[in-house]
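**Q** So that we are looking at the same thing, I have put the structure below in structure tokens.
The values are calculated or read from the model by the stated rules, or taken from the named source; none is laboratory data. Everything numeric here is computed off the predicted structure, so don't read it as measured data. Glycine gets a Cβ as well: all are built from the backbone with ideal geometry, and neighbour counts include every protein chain shown.
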Amino acid sequence: MKSIKGILVVGEKNIFGELSQIVDIAAEANALLEKMFKMAPTDSKLTEAQRAVQTLHRKASEVGFKVSEDITGGAVSPNVIDSLLACAATIGDVVHTCLHISRELDRMAIAYSAGLEMHHADWDPVFDRMLELIEKSLAKLKQALLSSDMAEILSLHKEIQALEDRGDDIKDQGFDRLYGIAPQLNYLEFFHYQKMLHNCEDILNGCADFASLIVSVVTSILK
Amino acid sequence: MTLMIWLSTAVVILTFAAVMLVAGNNLSACVGPAVGSRIITKRFGMLIGAAGFSLGLIVQGAGMTRTVNLLLPSGVLQFRAEALLVAILIFVIADLIRAPVSVSMSLVGGLAGLSVAQGAFRSGVYVAEVAFMWVAAPLIAIAFSFYLLRIINRSKPKNFWRRLQIYKILLIALALSTSYVLGANTIGLIVATGGFDLTTIAVAVAAIFVGTFYLSAGEIRRVSEELFLMRYPNAMATLLTSTVLVEAATLLKIPLSNTQALASAVFGAGLSYKSKFVSAKPFLLTASTWVIAPLLSFAIGLILGSI
């Protein structure tokens, strides 16, 4: 009976559905980051939000573990097992990077509270734009995971790549600005902004890699 | 009288052994893609294979008696036993040196050799037909799977998950049909060599289940995990090609090796891609056994028949 039911199951489709849950978690974490960037370093909600991201990360790890188990033990073609596992790892890394950013924001707030002199340069537009690109990328990733049309997936893949390119430009502009105001910053602040820029770019790169893996999986099972 | 009883018993035992070996060895080629793709479990695959072999043997297997009647007109029990023994020995030796050898090719070669040795050979035209089929079948299989895959890959499905589901269902149907045609052709030929009657059919069905469930485990794991890491369309095209060709041969009452059709179809599938990922060497090595096995069996049959 189990075997007969298995015939009707498209394991790869189920795995994509499970992966979209992690994308949802990443989108939630990203929304929290947007709020955190807008909070003052002294805001007590900053730590609260950081804990919420941590909880989301834990949830993503649990879903990721289950997905990996389903990939290796389910009705999935051996040809795409490696790519699907890479998908799970990549989107897991995206959530993990969100956690890194939230921790960094929280830690920096501790430093400011401890008396570190703040050289406030208006970074909000830079990170707003970055997080907006991440939000768009994640939405498109989810759309790709739930799509059944190859042409749509290819088009979404291109759009996600374009978002990554835009993120790259914003990061470069951010670094130009960072180096321009470097004399006014202390080491910790410089390191902080540098890390933020790199992490945001890493998330966009992860989204683009994930999109490429989706295309690879679909192509492998169809051709 | 006692000798006749001994020979009859020997033929039944040899039929059992040959069918058991063929069922155990060929199951992986029939259900390997479906098991390897994890659409069905190994046990369910074994059940499909055994059911297909048995059904093919019962429904169409009798057609292969023509081959035995034409190649071994005298139908002497001793020759039947010798032909089966030669086929089993060649199969076992080939298996030990890990060379893929077709039992149906060995049987045809052995039967022809025995017949020639006895001076009873009158089927030159039929042998020519068989030889033509053995040359044509791989070429047709290569071309068929090549163009089939080109057509499949050219079409763009609106809903690829639906297509994937169709592939999976088709792979199971093809696992059954490939097993069916193997039962009708190769196993049918073995049973026809042993004498196609209720006793040998019952013994063969028992041998099918024993071979499938007790001899195929290692082979099916190896084939499904190593050789059949194929994409769904490739596996589907190769099994379909093999089914069509072997069934056509069965309808023409000509023995055709299932693995010959399958290996050629795999080769054709590999060629159908713009970036070729086919290594010609193993294919040519396999193809060389299609010439060596029947000739070797013919020579052994000739020697045995002359003693």
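**Q** Only one of (1) surrounded by 17 or more Cβ atoms within 10 Å (Cβ to Cβ); (2) within 14 Å of chain B (Cβ to nearest Cβ); (3) touching a Lys or Arg at 6+ places or on another chain (Cβ under 8 Å); (4) assigned to a helix (DSSP H, G or I) is not met by A:Ser148, so which one is it?
**A** Every listed condition holds for A:Ser148 apart from (4).
Quick grid of which residues meet (1) of a type in the set (Gly, Ala, Ser); (2) on the phi > 0 side of the Ramachandran plot; (3) modelled with pLDDT of 95 or more; (4) in a helix (DSSP H, G or I):
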{"residue": "B:Arg122", "(1), (2), (3), (4)": "no, no, no, no"}
{"residue": "B:Val130", "(1), (2), (3), (4)": "no, no, no, yes"}
{"residue": "B:Trp134", "(1), (2), (3), (4)": "no, no, no, yes"}
{"residue": "B:Asn153", "(1), (2), (3), (4)": "no, no, no, yes"}
{"residue": "B:Pro157", "(1), (2), (3), (4)": "no, no, no, no"}
{"residue": "B:Ile166", "(1), (2), (3), (4)": "no, no, no, yes"}
{"residue": "B:Ala175", "(1), (2), (3), (4)": "yes, no, no, yes"}
{"residue": "B:Ser179", "(1), (2), (3), (4)": "yes, no, yes, yes"}
{"residue": "B:Thr199", "(1), (2), (3), (4)": "no, no, no, yes"}
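**Q** Within region B:143-170, track down each residue that is closer than 28 Å to B:Arg38 by Cβ, in contact with a Ser or Thr (Cβ under 9 Å, 6 or more places away or on another chain) and more than 10 Å from every other protein chain (Cβ to nearest Cβ).
**A** Of everything in region B:143-170, those that are closer than 28 Å to B:Arg38 by Cβ, in contact with a Ser or Thr (Cβ under 9 Å, 6 or more places away or on another chain) and more than 10 Å from every other protein chain (Cβ to nearest Cβ) turn out to be B:Phe144, B:Ser145, B:Phe146, B:Leu148, B:Arg150.
**Q** When you go through (1) in a helix (DSSP H, G or I); (2) under 20 Å from B:Ser106 (Cβ atoms); (3) of a type outside the set (Asp, Glu); (4) at pLDDT below 90 one by one for B:Lys281, which number turns out not to apply?
**A** Result: B:Lys281 fails condition (2) only.
**Q** Considering only region A:62-83, state which residues are at pLDDT 90 or above, in contact with a helix residue (DSSP H, G or I) (Cβ under 8 Å, 6 or more places away or on another chain) and surrounded by fewer than 16 Cβ atoms within 10 Å (Cβ to Cβ).
**A** A:Lys66
**Q** Would you mind finding the one in B:Ala83, B:Ala17, B:Ala29 that is closer than 30 Å to B:Val116 by Cα, buried (at least 24 other Cβ atoms within 10 Å of the Cβ) and in contact with a helix residue (DSSP H, G or I) (Cβ under 7 Å, 6 or more places away or on another chain)?
**A** Of the residues listed, the single one that is closer than 30 Å to B:Val116 by Cα, buried (at least 24 other Cβ atoms within 10 Å of the Cβ) and in contact with a helix residue (DSSP H, G or I) (Cβ under 7 Å, 6 or more places away or on another chain) is B:Ala83.
**Q** Check B:Val135, B:Val125 and return the single one that is more than 14 Å from every other protein chain (Cβ to nearest Cβ), of a type outside the set (Lys, Arg) and more than 20 Å from the chain's Cα centre (by Cα).
**A** Exactly one of B:Val135, B:Val125 is more than 14 Å from every other protein chain (Cβ to nearest Cβ), of a type outside the set (Lys, Arg) and more than 20 Å from the chain's Cα centre (by Cα), namely B:Val125.
**Q** List the pairs whose first member sits in region B:32-46 and is at the interface with another protein chain (Cβ under 8 Å from one of its Cβ atoms), whose second member is of a type in the set (Val, Ile, Thr) and outside any helix (DSSP H, G or I), and whose Cβ atoms are under 7 Å apart, counting only residues at least 6 apart or on separate chains?
**A** Going by the 7 Å Cβ cut-off, the qualifying pairs are B:Arg38/A:Val76.
**Q** Say we look at region A:169-223 and pick out the residues that are more than 14 Å from chain B (Cβ to nearest Cβ) and basic (Lys, Arg); which of these is surrounded by the most Cβ atoms within 10 Å (Cβ to Cβ)?
**A** Of everything passing the filter in region A:169-223, A:Lys171 is surrounded by the most Cβ atoms within 10 Å (Cβ to Cβ).
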